[in-house]
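Note sheet for the following structure.
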Amino acid sequence: MIRVNVFGRSMSVRRVGGEWQLFSESQTGMRSRVYEVVIPPELTEAQLLSYLDDIYHEQASVQHPEVRLESQ
């Protein structure tokens, strides 16, 4: 499971059966699947941050200007 901060929003990504799955993480530890965003299966881990930046760039702000890796 890869945890990322997407412009202030805590999310996680995991690889399952050759596909990437994206989840929204709550502050209480609840996780919900994000079905609206499909991450191409050919993307590598190294490309995930850039891809999420492209998808969610409208949510960028002065306080949260980038997508950051939280943990792997």
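The values are calculated or read from the model by the stated rules, or taken from the named source; none is laboratory data. Model, not experiment: these values are computed from the prediction. When we count neighbours, we look across all protein chains shown, and the Cβ atoms used for this are built from the backbone with ideal geometry, even at glycine. We work out accessible area using only protein heavy atoms, side chains counted, and drop any ligands, DNA or RNA first. Shrake-Rupley method; radii C 1.70, N 1.55, O 1.52, S 1.80 Å.
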Please find, within the stretch 22-33, the residue that is surrounded by the most Cβ atoms within 10 Å (Cβ to Cβ) out of those that are within 14 Å of ARG9 (Cβ to Cβ) and not aliphatic (A, V, I, L, M).
GLU25
When restricted to GLU36, GLU58, GLU19, the only residue exposed (fewer than 10 other Cβ atoms within 10 Å of the Cβ) and at pLDDT 95 or above is GLU36
For GLU70, all conditions in the list (1) surrounded by fewer than 16 Cβ atoms within 10 Å (Cβ to Cβ); (2) out of contact with any Lys or Arg (no Cβ under 6 Å at 6 or more places or on another chain) hold save one; what is the number of the exception?
(2)
Of all residues in the stretch 39-55 being part of a loop (DSSP other than H, G, I, E, B) and either modelled with pLDDT of 95 or more or over 17 Å from ILE2 (Cβ atoms) (or both), the one that is nearest to the chain's Cα centre (by Cα):
ILE39
Within the stretch 39-55, of all residues that are under 17 Å from GLY8 (Cα atoms) and acidic (Asp, Glu), the one least open to solvent (accessible area, probe 1.4 Å) is ASP53
Answer residue from the stretch 1-38, given it is among the polar types (S, T, N, Q) and under 18 Å from LEU69 (Cα atoms) and is farthest from the chain's Cα centre (by Cα) among those
GLN27
Unmet criterion (only one of (1) in contact (Cβ under 8 Å) with a residue 40 or more places away in the chain; (2) under 14 Å from LEU69 (Cα atoms)) for TYR51
(1)
